[in-house]
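J.: Dropping a structure here in structure tokens format, bear with me for questions.
The values are calculated or read from the model by the stated rules, or taken from the named source; none is laboratory data. Keep in mind it's a predicted model, so treat the numbers as computed, not measured. Neighbour counts are summed over all protein chains in view; Cβ atoms, including those assigned to glycine, are modelled from backbone coordinates with ideal geometry. Heads up: the accessible areas ignore ligands, DNA and RNA and are worked out on the full protein's heavy atoms, side chains in. Shrake-Rupley method; radii C 1.70, N 1.55, O 1.52, S 1.80 Å.
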Amino acid sequence: MPKPPTRVLLADDHALVRRGVRLILDGEPDLTVVAEAGDGAEAIEKARAERPDLAILDIAMPRLTGLQAARELSRLQPDLRILILTMYDNEQYFFEALKAGASGYVLKSVADRDLVEACRASMRGEPFLYPGAVTALIRNYLDRARDGADIPDKAITDREEEILKLVAEGHSSKDIAGLLVISVKTVERHRANLLQKLGLKDRLELTRYAIRAGLIEP
């Protein structure tokens, strides 16, 4: 049985742009636009109502920008994939988009070439970056290295990783304190740091992260 098409929410304050993008997407058998929004706040409402698989958001929209909407949608629907479609070839926006939870950044000027592939990459769980964005990422990395800024190999310390694994395996703070020979208070502090650093809410999300990071088996 064929896989159902990816359900797409499209948000842009220009109806003409939405029409053009819709033509590109609806021409593909594996993509279908199920909702359109004219601003960021409406995008959030439509996402709640339609539960799309993928949201394509313009940056400059009234009421809420695409970046603000992306942040809120990432919080409300963590499984929703988000692409930013913009005319801004701007490093600052690009980094903000990544921080907001977007998995891809597509320029409107090349949407006819890149957008379909970006949608598919996003649904495979892969990032999609236009060439200029890749350059920006590499430059940012090299600048930080040159300035002696710390470039962590991973987001969390070894001790936090130990605690993450034990929390994900279902151990209580008291158990973990006993196993690692530290105080319960220290365990709780590490746990709070983990949630904050990784942008997670609770034990369930920590467990999902631990599975993705290969720390525990699903």
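J.: By per-residue mean of other Cβ atoms within 10 Å, what is the highest-first order of 194-202, 8-16?
T.: Descending packing order for the listed peptides: 8-16, 194-202.
J.: Separate question: Give the separation of the Cα centroids, the range 1-19 to the range 92-112, in Å.
T.: Each part reduced to its Cα centre gives a spacing of 17 Å.
J.: Measuring from label point to label point, each 7 Å out along Cα→Cβ, what is the E188 to I211 span in nm?
T.: The two pseudo-label positions are separated by 2.9 nm.
J.: Turning to a different aspect of this structure: What is the range 1-81 by shape, rounded, prolate or oblate, if you read a ≥ b ≥ c off the alpha carbon gyration tensor as root eigenvalues and call it rounded for a/c under 1.5, prolate for a/b larger than b/c, and oblate otherwise?
T.: Oblate is the answer for the range 1-81, as a/c is 1.5 or above yet b/c matches or exceeds a/b.
J.: State in Å² the accessible area per residue of the chain; use a 1.4 Å probe, count heavy atoms of protein chains only, and round to the nearest integer.
T.: Dividing the accessible area of the chain by its residue count gives 56 Å².
J.: Still on this structure, please answer the following. Classify the range 6-138 as rounded, prolate or oblate, taking a ≥ b ≥ c as the square roots of the eigenvalues of its Cα gyration tensor: rounded when a/c is under 1.5, otherwise prolate if a/b is larger than b/c and oblate if not.
T.: Verdict is rounded for the range 6-138.
J.: In addition: Tell me whether the range 158-213 comes out rounded, prolate or oblate; compute the Cα gyration tensor, take square roots of the eigenvalues as a ≥ b ≥ c, and use a/c under 1.5 as the rounded threshold.
T.: Prolate, since a/c reaches 1.5 and a/b exceeds b/c.
J.: Can you send over the carbon and sulfur percentage of the accessible area for the chain, probe radius 1.4 Å, protein chains only?
T.: Using a 1.4 Å probe with all protein chains present, the chain comes out at 53 percent carbon and sulfur.
J.: Give me the dipole magnitude in Debye, nearest 20, for the chain about the Cα centre, with unit charges on the beta carbon: positive for Lys and Arg, negative for Asp and Glu.
T.: About 440 debye.
J.: Further question: By a straight-distance test (C-alpha under 25 Å), which lysines pair with K197 as possible cross-link partners, with residues fewer than eight away in the same chain excluded?
T.: Within reach: K99, K154, K165, K174, K185.
J.: Based on the mean of other beta carbon atoms within 10 Å per residue, what is the order of 76-85, 120-129, most packed first?
T.: Going from most to least packed, we get 76-85, 120-129.
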